[in-house]
Amino acid sequence: MSESKKTTIPPYVKALSGSIGGIVEASCLQPIDVIKTRLQLDTSGTYKGIIHCGATVYRTEGVRALWKGLTPFATHLTLKYTLRMGSNALFQSAFKDSQTGQLSNTGRLLSGFGAGVLEALVIVTPFEVVKIRLQQQRGLSPELLKYKGPIHCARTIIREEGLRGLWAGAAPTVMRNGTNQAAMFTAKNAFDGILWKKQEGDGKVLQPWQSMISGFLAGTAGPVCTGPFDVVKTRLMAQGRAGGKLKYKGMVHAIRTIFAEEGLLALWKGLLPRLMRIPPGQAIMWGVADQVTGFYERRHIHNAPL
């Protein structure tokens, strides 16, 4: 048992791998996230689809507008993946069988869900509130924008809405991230085993393209299952509390209101750009992260048990 613990990849290595992967992912995929947010906030049919939305933003606001919110997005992704990968490793250690060192599928699911809930509350919600408020602003002239940047946006929200304004939409974010990570960690481990005969700690290092295929496949199920939570999260985060009546009073009320006013399919608005962003994002992140953990395995682990 002591040998099993010694040969397990430490949580700090997992956390480091996630942080590096997050930086690379954010730099590549920010425009798709901007388009996703604009589509989810479009209640009047301004945008006809992904290409039309991107072209409209580019034509009317310039190419820089497609990278709006990059600073909070990149910081958010880096911190999120650091916490996600590190906390998942800690949860997995807690759920492993004390005698065999093996981790059950239930333990893997619970570890992923716990990591998703933790990242949603500590990092994801406040950063996404700021990101979405910045992304929903049209134009690039500073004098016409309410929020001048990430820090100014956060300060304005706190001043006008209180500290809890940064946690608008926390409930659907918890549900979305918890479910996503439970599915993603379990699926990534399964695809690694099925496709490449790879088990964590066995000393075998996947090629980046192999990690990217596993990561891409693992990242597809979550967006389909959690689409309504993501739409509701975006609507709740985008609405301000300052001096006006809130249209959406909470997660359940928002789901009911969107369904009544816009129909069932509106709860999956922005699904295609999510599928364009999340699976490729997971492919990029895992392609980088597996190389970091693989370097540790090559240096310190030889045929270690899972």
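The values are calculated or read from the model by the stated rules, or taken from the named source; none is laboratory data. Keep in mind the model is a prediction, meaning the values are calculated, not measured. All Cβ positions, even for glycine, are placed from backbone atoms using ideal geometry, and neighbour counts span all protein chains on display. Remember, those area values only see protein heavy atoms, side chains included, never the ligands or the DNA or RNA. Shrake-Rupley method; radii C 1.70, N 1.55, O 1.52, S 1.80 Å.
In square angstrom, what is the accessible area per residue of the stretch 248-306 with a 1.4 angstrom probe?
Here the residues of the stretch 248-306 average 50 Å² of exposed surface.
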Between the residues M251, S141, W209, the Cα farthest towards the positive end of the dipole of the chain, that dipole coming from +1 and -1 charges on the beta-carbon of Lys, Arg, Asp and Glu, is from S141
Equivalent-ellipsoid semi-axes (√(5λ), Cα gyration tensor) for the stretch 191-234, whole Å, largest first?
30, 9, 9
Listed here are the pairs K36/K148; K198/K269; K48/K245; K197/K233; K14/K233; K131/K245; which of them are more than 26 Å apart at the Cα?
K198/K269; K48/K245; K197/K233; K14/K233
So, relative contact order of the chain in percent, Cα under 8 Å, 6 or more apart, is 27 percent
Under Stokes-Einstein, with the Kirkwood radius over Cα pairs standing in for Rh, what whole-number D in µm²/s applies to the stretch 193-306 at 25 °C and 0.890 mPa s?
146 µm²/s
More than 19 Å apart: what percent of Cα pairs in the stretch 1-88 qualify?
54 percent
Among G287, G165, G101, determine the one that fluctuates most according to a GNM of the chain built with springs between C-alpha atoms less than 10 Å apart.
G101
Considering the Cα positions of the chain, please state its Rg to one decimal place and its Dmax as a whole number of Å.
20.1, 64
With +1 on the Cβ of every Lys and Arg and -1 on the Cβ of every Asp and Glu, the dipole magnitude of the stretch 71-168 about its Cα centre, in debye rounded to the nearest 20, is 220 debye
With an 8 Å cut-off on Cα pairs and a minimum separation of 6 or more residues, tell me the relative contact order of the stretch 48-143 in percent.
38 percent
Among V13, V252, V130, the residue with the largest mean-square fluctuation in a Gaussian network model of the chain built from Cα contacts under 10 Å is V252
Highest-MSF residue in the chain out of A283, A55, A15 [GNM, Cα springs under 10 Å]
A55
Over the stretch 71-168, what number does the Rg to Rh ratio reach, with both radii from the alpha-carbon atoms and Rh per Kirkwood?
1.18
Theoretical ellipticity at 222 nm over the chain - DSSP helices of four or more residues, -39500 (n - 2.57) apiece, nearest 500:
-23000 deg cm²/dmol
Can you send over the carbon and sulfur percentage of the accessible area for the stretch 1-140, probe radius 1.4 Å, protein chains only?
66 percent
On average, how much accessible surface per residue is there in the stretch 179-231, in Å², for a 1.4 Å probe, leaving out ligands, DNA and RNA?
40 Å²
Compute the convex hull volume of the Cα atoms of the stretch 44-102, divide it by the residue count, and report the result per residue in Å³ as a whole number.
144 Å³
Over the stretch 71-168, with the other protein chains present, what is the accessible area per residue in square angstrom, probe 1.4 angstrom?
46 Å²
